[in-house]
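Below is one structure, written out as structure tokens; comments come after it.
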């Protein structure tokens with residue numbers, strides 16, 4: 001189990017990998033508005049947890065477990081964000097900030113229930129498959145558009 005702070009580093013690394021096809025300490029520090037020393041400490045903690053591979057001054061690579069956790073973190077954010085923006089009609093920028101704060105303290109069980117509620121209210125595809133944020137099925141449901 002990693003801390004919420006380490007989850008944020010992991011999420012940022014995953015996003016950087018998708019955007020730039022590589023992960024650099026400087027880019028992480030810039031994106032997270034923190035020092036390179038903080039990033040290096042997080043890297044070694046994530047490495048110790050088996051979530052990434054890294055050798056000093058080498059490339060930073062997420063392990064399969066690290067990538068899966070990063071996706072889960074992003075998905076929880078997406079679900080909370082959709083709820084705030086599309087169900088509660090909170091302004092987009094405020095919803096983004098609030099989702100970031102809420103996501104860091106919400107349990108998987110609550111995310112699963114919230115996902116089902118969001119999908120029902122927004123008339124998205126059915127989640128009769130027993131949606132579970134820890135499983136691959138329905139991973140992209142929250143990003144689907146309304147039924148036509």
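Nothing in this text is a laboratory measurement; each read-out follows from the coordinates by a stated rule. Everything quoted here is computed from the prediction, not taken from an experiment. Using ideal geometry, Cβ is built from the backbone for each residue, glycine included, and neighbour counts are taken over all protein chains shown.
Between the C-alpha center of the range 2-54 and that of the range 77-122 there is a gap of 24 Å.
Which of 13, 1 comes first, and how do the rest follow, when ranked by fewest Cβ neighbours within 10 Å?
Fewest to most other Cβ atoms nearby, the residues stand as 1, 13.
Note on the range 4-62: along the principal axes its Cα atoms extend 24, 21, 21 Å, ordered by decreasing extent. Residue separation of residue 20 and residue 100 scaled by 0.36 nm, minus their Cα-Cα distance, works out to 26.5 nm of gained length.
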